[in-house]
Every structure is written in C-alpha cells, then in structure tokens.
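Inspection log for the structure reproduced underneath, given as structure tokens.
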Amino acid sequence: MITRLEGADKVTGRARYAADVRLPGLLHAHIVRSPYPHARIRHIDASRAERLPGVHAVLSSANSPSIPWHDASSLFDRTVRYIGDEVAAVAADSDELAADAARLIDVQYEALAFDLVGEAREPKAEARGDVARGLREADVVLEATYRTQTALHNALEPHGCTALWHGDQLTVYESTQGIFAVRDEVAEKLGLAAQNVRIITEHMGGGFGAKQIAWKHTVIAALLAQRTGRPVQLALDRASENLAAGNRNATEQRLRLGAKRDGTLSAIDARIRVEAGAYSVGGEDSDVIGTYLTLYRCANVRAEQRSLRTNAGPAVAFRAPGYAEGNFALESAIDELAARLGIDALELRLRNYATRDQREDKPYTAPESLRRCITRVAAACEWRHQRPGLGFAAHDWAAGGGWPPAEAEVEFAHGAARVIVGVQDVGTGSRTALAQLAAAELGIGVERVQVELGDTQPGLYGPTSAGSATLATLGPVVQEAARLAKKSGHARAQRGENPKGKSIRTCGAQAVELAVDRDTGEVTVKRVIAAHDCGRIVNPLLQSSQVIGGITQALGYALSEKRIVDARLGDVLNANLEEYKLPTVADIPEIVNASESMPDAEANATGVKGCGEPPIIPTAAAIANAIYSATGVRIRELPITREKLIR
C-alpha cells in the first residue's frame, strides 16, 4: 500500500497553505461586509480607520477602480445585494488591527426591498420524444415534488490568499482548485497580461467546487498589495466563508414519472426551480436536469430548470453540482414508483438500465460498469433478504472522463525522475497517484519520483480540479511523457482528446442500513455500502478516502445540514460551525467500499476515471429510501430531520 507522498509534511505541519505564507513586511487584510440583504451605499467615511496607527490602506468604491464583476455588478458595488457583500477592505500590520480598523469605517446605507424567493429566469431545457404521449400510455403515473436545501461547503481551509508584486508582476499564493483559471480571471480584472500573474498552490485543505474560480478577495488583496507596496494576506473567517464564498443551491423539483405494468419507463417529466443567489459566479453549472436525461433508458423525457435570483449569497458548484440534488429526487421517485408497481426497487432499476448516453446519443465506453456496481452492492447488503431500514440508490455522473488539454514534463536520469504538471493537489492525493503512474512507466520506485505541481510559472497548462477530472486528465499525459523520457531523458507531452464516438461516464450504487427511533425521530445510520466505477484504481487507499469522504459529506446533506435564513431580515442565522450542523465522528457509520478496479481502456490510455464526486451523489436518496423501509414514512425534503419525521 502506497501512502500519500505529502502525508508526513501534512501531519508534521511542514505543508504550507495560503495562510501559512510569511513574507517580509507582510500586511493582513479584512473585508467590510454589508449588513443588509439589499441596499444602496450613500456614503463611506474611512477617515477614522485610515488614522489608526498600523493601518496602511483602505479600499472601497470611493477610492478604488471600478472593476466589472458578475451580472453587471462591480468589485465594490454601490448597491449591495446580500448580507456579506463586499463593501470595503483594510490592510494593516496584523489581522486583529485590520479587523479593528474595519469596524471604524462608517458606511451609510439606504435599505432597499429584498427578495428571498426570486423571479424565475429563462429555463434551461432539454427534451426527447413525446412526454405527453408517454404519460398517456403509462399504466402508472407518479406525481411528486421534492425539495433540497441550500448547503454550505465548509472546507477545512477557508478561501484565502497572499499577494505580492515585483514591478508589474503579481504573485498570489492562493487556495484554489484552478491555478490557471484564477490566473486568467485575476489578470483580466486587473488589466494584466496572463503571463504577468503567477498563482501558487502548494497545498490546500479542500474546496468541493467553491474554489474553482477567482473570488473578489483575491483581486482585493492584489489591489491592497499594489497600493501599499507590501505583500498582503487575506484569509476569510468562517462567517465570511459561509456568507460570501458560495453554496449548493436549493431546488424544488416537480416530477411526473410514467411506467408500464412491467416497469418500463414511458415518460420522465421534471420541472425544477434552482435558487442561484445574488450573482452568477462562473465555474461548473449546477446541472440538475442532467441525471433525468441519462440515468435510465426512457424514450420520452422533458427536463427543465429555471434559476431564481435572490438577495442571498451566490451559489457555486458543490461536489457533483446538480447531480446530488437531482439524484435525491429521481431515486426517491423510482422507489415510490416501484412500490406502486409492486416491483422490487432494484429490479425496476435494472429493467430500465441504459447502456448508451441518451443525451449525446452515443454508447458508453463502459456500458456494463453501473450494472457491476449495482450487483456488488446488492450482494454485499444481501438485498434478497429484505428487511426494514434497508435502502438503495444508483447514480451516474456526467464528468470523470478528464478535461483536455493538459501538459506534463518528465526529466529522467540516474534512476530518478522529476515530473512537472500544471495542476493542483486539492487534497485528493494527486501528487501520489501521478507519481505512481510515472514510476510504473519508468520502472522505478515511487520514492524515486518527485512531482512538482501547483504553480503556473512553468507554463505547463493543466485543468481546474473540477468534474472529477484531475487524474483522468493528467494521468495519460504523465504516462506518455514518462514513456518518451525513457528514451531521451527529457520529454514534454500533451493530453489527447477524449474519444469522439463514445461517452465516458462515472457511476455507482449505494445501500444504506439504518434504524429510526419512533419516539424521537432520530435516525441512526448503521452501515453504508458503496461501489463506484472510477476506471482503474491506481491507489486503493486514496480511492477509499474519496468514498469515505463523499459519503460523510452526504450524510450531513441528507440529515442535518441547511443554511437557515431569517425571512424578515435576510440574515443567515447559522454562518458558523456551531449552528451549521456538519456530521461529526460520532455520526459516521461503518462505510464499506465495495468498489472494484474496472480499467476503461476506451476512455484513455491509463484506463483511469475520476472518483472525487460520485460518492456524494446517491447517499441522500438511499437514506430516504431506507427511512421509508423502516417507517413507512416518505420524506421528500432535505435534510430529513427528526422534526420532519415526527410530524
């Protein structure tokens, strides 16, 4: 078993994160945030803050350039659109002093009417066949509405950066999932050439999708560093993280499923409303309709989603964006449909098994992998021996096949190798897995491979770590560069395109065993069994870590996590780790990883696919189905709390 190459650095504290950077003359920054969900800024007086000894710069709309931001807003907009919106920023000798100075800035607001419900925008919709006819031809039609909540990312490491200038060259130590994405966005905002911005991410403590774009804090830190001529560090506190650095969007999903008596799906109709918050911020889309179009074989499908703009923090991609939300509704509905048809829930799924991508109308590279996952989970949980408290869910995921282009460089001499790639290790162990692939190709031990990543300066492009893409994208190009370096001692390679005639998917299945206390409504999850197709498993320890981490996060999504907003004031009441109920160690059940290595040779030369996001997708539906199995109560809204069960 090969452990993480950076493991010793992390457990000893040698690993350096964005907020660990210490540079001569370092200043600390603090952001003033709006206390109103919607207001116009009438006046800003920063004179008291500027006179405070140790304060070196204050920025606001009164004295900073008007830098366009998303949806016709600007960096420091005179109209704030949610509680937590950026109003001003201070750079001072210490973090405490910066916070003190921020409190001295006098901002006069004109409160405006705010909207937490939102108006629906133009829909994103896809359809095939004739849904109306499919519903007419159905012997059973299920109509139901499912709701999912706004969830907060709460990565262990909050957003943060350290910015410094050398002449017109900007260097930023950033906690990011996309060093090149941030480089390009920051360069654009500041009017710089991309090559004049260097982004470094040595280590990061998770992002889950919220760190795949450039946020305002990075541009603010760069402006403060430019204004003061000194390096500036800006790290978000937990409240700022939960107010202003993204969230998983809440959804309302109105479904109609039609089926023949033998279980054949004749129609799927999904109308979805998605709360998007105050701004569009970029990154992966929350593709809630995606799983309705691909998971099951059905000739007649219509799926549409409408975004709602509200005076709340902006939504952003969150580990399997859209699919975690959509899967809860669809897989709950499939269970309900199975009960009405009198067909075993697992059997109903197999009768509607899809071997081709119906969205893109082409076959999958591994058409039987989902069936293998379902079979493995069914055997491990002894599905044939039905019992109360046992629930099941399957899933697919549109990503995981890699996002070309990408480049890698390998130097090989005297039985040792240096591998350089333009991606970041977001905590998944990319250093280790890439070193293993290079070592295997070169015929040397992993300890003889040095992997350098997380820096845009070498100019080797790599994709954002999103869509479970990193290893599937970089693995083949590292392998190819290593193959060439065996002959020449030094080689650079580029990642080829994914196959054109077939579709790459990742997928899987989970079963949950639980008990429900009928007096208190408390749910005790006893065991989760998971099998996920991620192609070739390069490192079983890292793959198991992803499965355990995804399921742990999904337990919170299913049972306890929810952003709570005061409808009268627009204020987030639990933007902290005391009231926002993340699962703790005491909540984690036995997790059985029944995944098997299934090399997908048609996907790429390594046979590898991604595993970062799939484990979070089916857990909530499997829990809801298990609760129904235990109690006969069907809950169609997340999180499934004790209060909802008692009612």
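Here are the numbers:
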read-out: Selected residue (only one of His70, His30, His56 is closer than 25 Å to Val172 by Cα, at pLDDT below 95 and assigned by TED's automatic domain parsing to the domain that holds Ala221); value: His70
read-out: The range 322-337 residues that are in the same structural domain as Arg254 (by TED's automatic domain parsing), paired with ones that are surrounded by 24 or more Cβ atoms within 10 Å (Cβ to Cβ) and of a type in the set (Lys, Arg) (beta carbon under 9 Å, 6 or more apart); value: Ala324/Arg248; Glu325/Arg248; Glu331/Arg349; Ile334/Arg349
read-out: Looking only at the range 283-314, and only at residues there that are of a type in the set (Gly, Ala, Ser) and farther than 18 Å from Ala398 by Cβ, the one that is surrounded by the fewest Cβ atoms within 10 Å (Cβ to Cβ); value: Ala299
read-out: Among residues of the range 580-591, those that are surrounded by fewer than 20 Cβ atoms within 10 Å (Cβ to Cβ), among the β-branched types (Val, Ile, Thr) and not in a loop (DSSP other than H, G, I, E, B), counted; value: 1
read-out: Which numbered condition Tyr82 fails, given (1) surrounded by fewer than 24 Cβ atoms within 10 Å (Cβ to Cβ); (2) more than 18 Å from Leu223 (Cα to Cα); (3) not hydrophobic (A, V, I, L, M, F, W, C); value: (1)
read-out: Top-ranked residue of the range 356-405 - restricted to ones that are touching a Pro at 6+ places or on another chain (Cβ under 6 Å) and assigned to a strand (DSSP E or B), ranked as farthest from Gly535 (Cα to Cα); value: Ala393
read-out: Filter pass, Gln450 being part of a loop (DSSP other than H, G, I, E, B) and outside the structural domain of Ile616 (by TED's automatic domain parsing); value: no
read-out: Qualifying position, being among the hydroxyl-bearing types (Ser, Thr, Tyr) and closer than 30 Å to Glu331 by Cα, among Thr79, Thr176, Thr145, Thr162; value: Thr145
read-out: Positions within the range 194-217 being surrounded by fewer than 24 Cβ atoms within 10 Å (Cβ to Cβ) and of a type in the set (S, T, N, Q), in sequence order; value: Gln195, Asn196
read-out: Some residue of the range 261-271 being buried (at least 24 other Cβ atoms within 10 Å of the Cβ), within 30 Å of Thr428 (Cα to Cα) and assigned by TED's automatic domain parsing to the domain that holds Val140; value: no
read-out: Top-ranked residue in the range 101-136 [being part of a helix (DSSP H, G or I) and over 34 Å from the mean Cα position of the chain (by Cα); ranked as nearest to Gly258 (Cα to Cα)]; value: Leu135
read-out: Residues (buried (at least 21 other Cβ atoms within 10 Å of the Cβ), assigned to a helix (DSSP H, G or I) and among the β-branched types (Val, Ile, Thr)) located in the range 421-447; value: Thr432
read-out: Any chance Ala320 is assigned to a loop (DSSP other than H, G, I, E, B), surrounded by 24 or more Cβ atoms within 10 Å (Cβ to Cβ) and among the aliphatic types (A, V, I, L, M); value: yes
read-out: Filter result (of a type outside the set (A, V, I, L, M) and in a helix (DSSP H, G or I)) within the range 475-513; value: Gly475, Pro476, Gln479, Glu480, Arg483, Lys486, Lys487, Ser488
read-out: Members of the range 592-647 that are more than 23 Å from Ile334 (Cα to Cα), among the β-branched types (Val, Ile, Thr) and part of a helix (DSSP H, G or I); value: Ile646
read-out: From the options Ser60, Ser94, residue that is farther than 22 Å from Ala276 by Cβ, of a type in the set (Ser, Thr, Tyr) and crowded, with 20+ Cβ neighbours inside 10 Å; value: Ser60
read-out: Boolean, Ala303 is assigned to a strand (DSSP E or B), in contact (Cβ under 8 Å) with a residue 24 or more places away in the chain and out of contact with any Asp or Glu (no Cβ under 7 Å at 6 or more places or on another chain); value: no
read-out: Those residues of the range 359-378 which are within 23 Å of Asn604 (Cβ to Cβ) and buried (at least 19 other Cβ atoms within 10 Å of the Cβ), in sequence order; value: Tyr364, Thr365, Ala366, Ser369, Leu370, Cys373
read-out: Which numbered condition Asp571 misses (of (1) buried (at least 16 other Cβ atoms within 10 Å of the Cβ); (2) of a type in the set (D, E, K, R); (3) touching a helix residue (DSSP H, G or I) at 6+ places or on another chain (Cβ under 9 Å)); value: (3)
read-out: Single unsatisfied condition, Leu514 versus (1) hydrophobic (A, V, I, L, M, F, W, C); (2) buried (at least 21 other Cβ atoms within 10 Å of the Cβ); (3) under 25 Å from Val423 (Cβ atoms); (4) over 24 Å from the mean Cα position of the chain (by Cα); value: (3)
read-out: The lone exception for Leu236 - which of (1) surrounded by fewer than 23 Cβ atoms within 10 Å (Cβ to Cβ); (2) in contact with a Cys (Cβ under 9 Å, 6 or more places away or on another chain); (3) not small (Gly, Ala, Ser) it fails; value: (2)
read-out: Residue among Gly400, Gly429, Gly454, Gly422 that is closer than 18 Å to Cys507 by Cβ and of a type in the set (Gly, Ala, Ser); value: Gly400
read-out: Glu119 vs. criteria loosely packed, with under 14 Cβ neighbours inside 10 Å, in contact (Cβ under 8 Å) with a residue 24 or more places away in the chain and either of a type in the set (D, E, K, R) or touching a helix residue (DSSP H, G or I) at 6+ places or on another chain (Cβ under 8 Å) (or both); value: yes
read-out: Check on Thr365, among the hydroxyl-bearing types (Ser, Thr, Tyr) and under 26 Å from the mean Cα position of the chain (by Cα); value: yes
read-out: Condition met for Leu555 (more than 21 Å from the chain's Cα centre (by Cα) and either surrounded by 19 or more Cβ atoms within 10 Å (Cβ to Cβ) or part of a helix (DSSP H, G or I) (or both)); value: no
read-out: Selection within the range 140-175 - touching a helix residue (DSSP H, G or I) at 6+ places or on another chain (Cβ under 8 Å), assigned to a loop (DSSP other than H, G, I, E, B) and surrounded by fewer than 17 Cβ atoms within 10 Å (Cβ to Cβ); value: Asp168
read-out: Given (1) at positive phi; (2) surrounded by fewer than 22 Cβ atoms within 10 Å (Cβ to Cβ), number of the condition Arg227 does not satisfy; value: (1)
read-out: Filtered residue count, the range 389-420, keeping only those that are within 22 Å of the chain's Cα centre (by Cα), buried (at least 24 other Cβ atoms within 10 Å of the Cβ) and farther than 23 Å from Ser369 by Cβ; value: 1
read-out: Flag for Gly550 being in contact with a helix residue (DSSP H, G or I) (Cβ under 6 Å, 6 or more places away or on another chain), buried (at least 19 other Cβ atoms within 10 Å of the Cβ) and modelled with pLDDT of 95 or more; value: yes
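The values are calculated or read from the model by the stated rules, or taken from the named source; none is laboratory data. Note that this is a predicted model, so its numbers are computed, not measured. Note that each Cβ is placed from the backbone with ideal geometry, even for glycine, and that neighbours are counted across all protein chains shown.
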